[in-house]
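Visitor: My questions all concern the structure below.
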Amino acid sequence: MNQTFAYFATTAKGLETVLADELAALGIAGITTASGGVHFHGSRADGYRACLWLRTANRVLRPLATFPCHSAEQLYQGVAGIAWETLLTPQMTLAVDANLRNSALTHSHSSALKAKDAIVDRLRGHYGTRPDIAPAAPDLPVNLHLVNNQCTVSIDLAGAGLHRRGYRQDRTVAPLRETLAAGVLLLSGWDGETPLVDPMCGSGTLAIEAAQIATRTAPGLGREFAFQKWPDFEARSWQALRDEAHRLRRPAPAAIVGADRDPRALRVAQANAEQTSAAAGIHWVTRSFATLNPPAANGTLVMNPPYGERLQEAGDLAILYKGIGDTLKQRWTGWTAWVLTGNPEMAKQVGLKASRRIPLYNGPLECRLLRYELY
C-alpha cells in the first residue's frame, strides 16, 4: 500500500480556492484551504503530480513535524528530533529557509542556521560525516514556518519556485508572476476553447500561460524538481506521470493573441514564447490597444495595465485607463474583458461598471481583478 503524506501547497493570497479546485481536478483528496495555501493528503506520486500540474501553486511542501518553539534551543531540539537520515545522505546538499511571524525568535537567518546545525549534527552522528550546504540549488530544501511560537518543519518538493516554468528568459518592467497570470486566467473561467487576447502583453506571461492551458500542457513538464534527487524518489511513478502529461497535450483550439504597442516588449515576449512549444501558435501583434481589431465576434480579453506607483504618472495613467474604457465600448462588444489593476482610483477612469471585483495580491500589492461584460 502506498504511504500517505500531508502536503501544503502555497499560493498568492486570493488564489486559495482556485488552487483547491486545481487539486480536486487532479483527483487529490483531503483538500482544505488556509490563508496563503491549501492542505491536502496523498501518496508520493500525488506530490509529484501536484508539482507537475498545479498552475497557481508557488511551492508544494511536505510537513515533517510541528512543535512549540519559544527559544533557539527548542528549535534545535525539535529539528534534531526528525529522522533526517531517511531523507538525506552525506553526498546530498541542503539549505534551510525560515519564515517567522509573531514569535520569540525574531531573526530568520539565525533561526535557519540553528536548524541547519541540528540537521548536520544528526547526520554526522548517524553517518560519521555531514552533507554540504548549497543555498542556491540544494538537493533537499528545508522550510521553517515559525508563527506564534509554533514551528512547522517541511521539505520543499520543487526546490525552485513553481512559477519558474523555464520559458521566461527575459522580462519587461514589473512582469506578472507566472502563477498569478495563470490564476487570473482560471478565475476568468476561460478554458482554451474560445479566443483570448492580451492587448498589453509586455513580456507575454498571460498569453504564454493561456497557451499552456489551451494546449493542456503541464506547467512543470519542462523542468526538474528537487524530489528527483531524494532517496525515496519513485522514478517509475514520475515517468508514468510525465508520459501521461505528454499524451494529454493538444493543439490550441482557438486563437490566442498577444499585442503591445512597444516593439521591444514584443521581442521579449516572442523570445520567451520560443522556450516552450505550447506557445508556438500565439499570434503576436505590435499595435496599440486603441487600434487592435478583435480576432472574432466574441471571446475573452485579459489585461494587466500599468498601476502607476509614482505621482507624476497620474495624469498619463488617467488617460490610459479612460482610453481602455473607450476602446472596450467601441471595438470589443460581444467580448468579456478582465482587467487586473493595483490602482483603484485609475480603475474608476475606465468608466464601465464591473460585474465582478475579485481581490488578489500581486506580491505585497493588493489588486482587483475586474470583469466587464461588453454587450
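Visitor: Filter segment 196-224 for residues that are in contact with a strand residue (DSSP E or B) (Cβ under 8 Å, 6 or more places away or on another chain) and surrounded by fewer than 24 Cβ atoms within 10 Å (Cβ to Cβ) and give the result.
Guide: If the condition is that a residue be in contact with a strand residue (DSSP E or B) (Cβ under 8 Å, 6 or more places away or on another chain) and surrounded by fewer than 24 Cβ atoms within 10 Å (Cβ to Cβ), then MET200 is the only one that fits.
Visitor: Sticking with this structure for a sec: Show the residue pairs that are 6+ apart or on different chains and have beta-carbon atoms under 7 Å apart, the first residue being within segment 75-92 and under 14 Å from LYS114 (Cα atoms), the second being part of a loop (DSSP other than H, G, I, E, B).
Guide: As it stands, the answer is LEU75/CYS69; LEU75/LEU105; GLY78/CYS69, since those pairs meet every condition given.
Visitor: If you scan segment 232-243, which residues turn out to be at pLDDT 95 or above and surrounded by fewer than 13 Cβ atoms within 10 Å (Cβ to Cβ)?
Guide: Within segment 232-243, ALA235, ARG236, GLN239, ASP243 qualify.
Visitor: Name the one entry in ARG55, ARG62, ARG49 that is assigned to a strand (DSSP E or B) and of a type in the set (D, E, K, R).
Guide: So the residue among ARG55, ARG62, ARG49 that is assigned to a strand (DSSP E or B) and of a type in the set (D, E, K, R) is ARG62.
Visitor: So, in segment 213-228, of the ones that are among the small types (Gly, Ala, Ser) and assigned to a loop (DSSP other than H, G, I, E, B), which residue ends up nearest to ALA254 (Cα to Cα)?
Guide: ALA218
Visitor: Let me ask something else. What residue, among those in segment 246-260 that are in contact with a Leu (Cβ under 9 Å, 6 or more places away or on another chain) and in a loop (DSSP other than H, G, I, E, B), is farthest from GLY202 (Cα to Cα)?
Guide: So the residue we want is ARG249.
This table checks each residue for (1) in the same structural domain as ASP191 (by TED's automatic domain parsing); (2) modelled with pLDDT under 95; (3) assigned to a strand (DSSP E or B); (4) crowded, with 18+ Cβ neighbours inside 10 Å.
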| position | (1), (2), (3), (4) |
| --- | --- |
| GLY281 | yes, yes, no, no |
| LEU317 | yes, yes, no, yes |
| ILE358 | yes, no, yes, yes |
| GLU366 | yes, yes, yes, no |
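Visitor: Out of everything in segment 12-58 that is of a type in the set (Ser, Thr, Tyr) and under 22 Å from TRP190 (Cα atoms), what residue ends up being surrounded by the fewest Cβ atoms within 10 Å (Cβ to Cβ)?
Guide: Going through the qualifying residues, I end up with THR17.
Visitor: In the set ILE119, ILE31, which member is free of Cβ contacts under 8 Å to residues at least 12 places away in the same chain, on the phi < 0 side of the Ramachandran plot and either of a type in the set (Phe, Trp, Tyr) or not in a loop (DSSP other than H, G, I, E, B) (or both)?
Guide: Testing whether each residue is free of Cβ contacts under 8 Å to residues at least 12 places away in the same chain, on the phi < 0 side of the Ramachandran plot and either of a type in the set (Phe, Trp, Tyr) or not in a loop (DSSP other than H, G, I, E, B) (or both) leaves just ILE31.
Visitor: Against the condition in contact with a strand residue (DSSP E or B) (Cβ under 9 Å, 6 or more places away or on another chain) and either more than 26 Å from ILE358 (Cα to Cα) or modelled with pLDDT of 95 or more (or both), how does ASN298 come out, does it pass?
Guide: yes
Visitor: Then there's this: Going by the structure shown, is ALA158 surrounded by fewer than 24 Cβ atoms within 10 Å (Cβ to Cβ), touching a residue at least 40 places away in the same chain (Cβ under 8 Å) and part of a loop (DSSP other than H, G, I, E, B)?
Guide: No; evaluated as a whole, the condition is false for this residue.
Visitor: Turning to a different aspect of this structure: Filter segment 172-212 down to the residues that are outside any helix (DSSP H, G or I) and within 12 Å of the chain's Cα centre (by Cα), then identify the one that is farthest from ASN298 (Cα to Cα).
Guide: Ranking the candidates gives ARG177 first.
Visitor: Moving on to the next point. Could you count how many residues in segment 82-107 are assigned to a loop (DSSP other than H, G, I, E, B) and over 24 Å from PHE233 (Cβ atoms)?
Guide: 6
Visitor: What do you reckon, is THR152 assigned to a helix (DSSP H, G or I) and closer than 30 Å to HIS107 by Cβ?
Guide: no
Visitor: Return the residue satisfying two criteria in turn: it lies in segment 8-24 and is touching a residue at least 60 places away in the same chain (Cβ under 8 Å) and not in a helix (DSSP H, G or I), and of such residues it is farthest from the chain's Cα centre (by Cα).
Guide: If we take residues in segment 8-24 being touching a residue at least 60 places away in the same chain (Cβ under 8 Å) and not in a helix (DSSP H, G or I), then PHE8 is farthest from the chain's Cα centre (by Cα).
Visitor: Consider ALA347 against the criteria (1) crowded, with 20+ Cβ neighbours inside 10 Å; (2) in contact with a helix residue (DSSP H, G or I) (Cβ under 8 Å, 6 or more places away or on another chain); (3) touching a residue at least 40 places away in the same chain (Cβ under 8 Å): it satisfies all of them except one. Which criterion is unmet?
Guide: Result: ALA347 fails condition (3) only.
The values are calculated or read from the model by the stated rules, or taken from the named source; none is laboratory data. The shown structure was predicted, so the numbers you read here are calculated from the model rather than taken from an experiment. Methodologically, a virtual Cβ is constructed for each residue, glycine included, from the backbone with ideal geometry; neighbour enumeration extends over all protein chains shown.
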